[in-house]
Amino acid sequence: MDWIIAILVGALIGWLASLVMGTDARQGAIANILIGIIGSALGRWLFADVLGIGGAAAAGSLSLLGILWGVLGAIILIFILRAVRVL
């Protein structure tokens, strides 16, 4: 059951990040899910582990703070993918 929630939250995070970055028309549902899940992990690692921001440990969880940190990580991931011309 946890993986279903991870997919749904990842889809929401990826969709929100793609709206912010203007890539929504080029991405499908699978890309949104992958960007949301990987971006949340990136956000948790970068902001909670590396920078030590305590609230960032919630990135990717089903809470307002978790979604916000996850979207921030997904935005960074989309920026990186654009820089290497993948997206």
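Below, the figures for the structure above:
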item	result
Test: residue in region 41-48 that is farther than 23 Å from W3 by Cβ and either hydroxyl-bearing (S, T, Y) or without any contact (Cβ under 8 Å) to a residue 60 or more places away in the chain (or both)	yes
In region 35-87, the residues that are within 8 Å of the chain's Cα centre (by Cα) and polar (S, T, N, Q)	S40
Matching entry among I75, I53, I5, I33 (being open to solvent by less than 60 Å² (accessible area, probe 1.4 Å), at pLDDT below 95, β-branched (V, I, T) and at negative phi)	I33
Those residues of region 56-72 which are aliphatic (A, V, I, L, M), surrounded by 23 or more Cβ atoms within 10 Å (Cβ to Cβ) and closer than 12 Å to A6 by Cα, in sequence order	A59
Residue list for region 38-50, restricted to those being of a type in the set (A, V, I, L, M, F, W, C), open to solvent by less than 70 Å² (accessible area, probe 1.4 Å) and within 17 Å of V9 (Cα to Cα)	A41, L42
Counted residues, region 5-38 - those being within 14 Å of I75 (Cα to Cα) and in a helix (DSSP H, G or I)	20
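The values are calculated or read from the model by the stated rules, or taken from the named source; none is laboratory data. The model shown is predicted, which means the values in this text are computed figures rather than measured ones. Cβ: placed from backbone, ideal geometry, glycine included. Neighbour counts: every protein chain shown. When the accessible area is computed, the model is the full protein with side chains, heavy atoms only, and any ligands, DNA or RNA have been set aside. Shrake-Rupley method; radii C 1.70, N 1.55, O 1.52, S 1.80 Å.
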